[in-house]
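Student: Shown below is the structure under consideration.
The values are calculated or read from the model by the stated rules, or taken from the named source; none is laboratory data. Everything numeric here is computed off the predicted structure, so don't read it as measured data. Here the Cβ positions follow ideal geometry from the backbone for every residue, glycine too, while neighbour counts run over all protein chains shown.
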Amino acid sequence: MNAFLATLVAEEFGSRVESFAGSGIWVLANTLEIPQEVIFLEENVPSAAVWILKAGQWFRGHRGLELEHGLGLPRGVDSDFKGPQILSDERWKFWEDRFKNLAEQNDLSSETRDWASRAANSMAEIL
């Protein structure tokens, strides 16, 4: 489902592109911006990586897009990202660094680390 929605965003298909992109932002923020247990990361890092690999260029091209409702983070949970609630260079760098850190996290499976590494490498190449 994430790959499908990310493809729709990347291709700017239909009138609901920003709504679909919001789903990706939610996945990225919930996976990368708040501390998570290994089991959650194992399940969600690949989904977050897919959003970057398929729609990363779209996200970079929409800097300044305001993010809705604290990204749907659970109540009472503070984000490790302290910047403004917009798509920004600062948030992009935070996500990229987080993927890099996850790629080196030994308690994650090699498959999950590979997804994180691929996402970080892709982010470094997208201007």
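Student: Scan the range 101-112 for residues that are crowded, with 17+ Cβ neighbours inside 10 Å and farther than 10 Å from LEU41 by Cβ and jot them down.
Tutor: ALA103
Student: Tell me, please, whether a residue that is modelled with pLDDT under 85, surrounded by fewer than 18 Cβ atoms within 10 Å (Cβ to Cβ) and among the charged types (D, E, K, R) can be found in the range 47-60.
Tutor: No, the range 47-60 has no match at all.
Student: Now, a different point. Which pairs have Cβ atoms under 7 Å, sit 6 or more apart or on different chains, and link a residue in the range 80-100 that is over 16 Å from ASN30 (Cβ atoms) to one that is outside any helix (DSSP H, G or I)?
Tutor: As it stands, the answer is ILE86/GLY64; ILE86/LEU65; ILE86/GLU66; ILE86/LEU67; SER88/ARG63; ASP89/ARG63; GLU90/GLY83, since those pairs meet every condition given.
Student: Which one of ASN106, ASN44, ASN121 is of a type in the set (S, T, N, Q) and in contact (Cβ under 8 Å) with a residue 12 or more places away in the chain?
Tutor: Values: ASN106 fails: in contact (Cβ under 8 Å) with a residue 12 or more places away in the chain; ASN121 fails: in contact (Cβ under 8 Å) with a residue 12 or more places away in the chain.
ASN44 is the lone residue from the list that is of a type in the set (S, T, N, Q) and in contact (Cβ under 8 Å) with a residue 12 or more places away in the chain.
Student: With the checklist (1) closer than 22 Å to MET1 by Cα; (2) more than 14 Å from the chain's Cα centre (by Cα); (3) modelled with pLDDT under 95; (4) not β-branched (Val, Ile, Thr) in hand, flag the one item GLU42 doesn't pass.
Tutor: Of everything listed in (1) closer than 22 Å to MET1 by Cα; (2) more than 14 Å from the chain's Cα centre (by Cα); (3) modelled with pLDDT under 95; (4) not β-branched (Val, Ile, Thr), GLU42 misses just condition (3).
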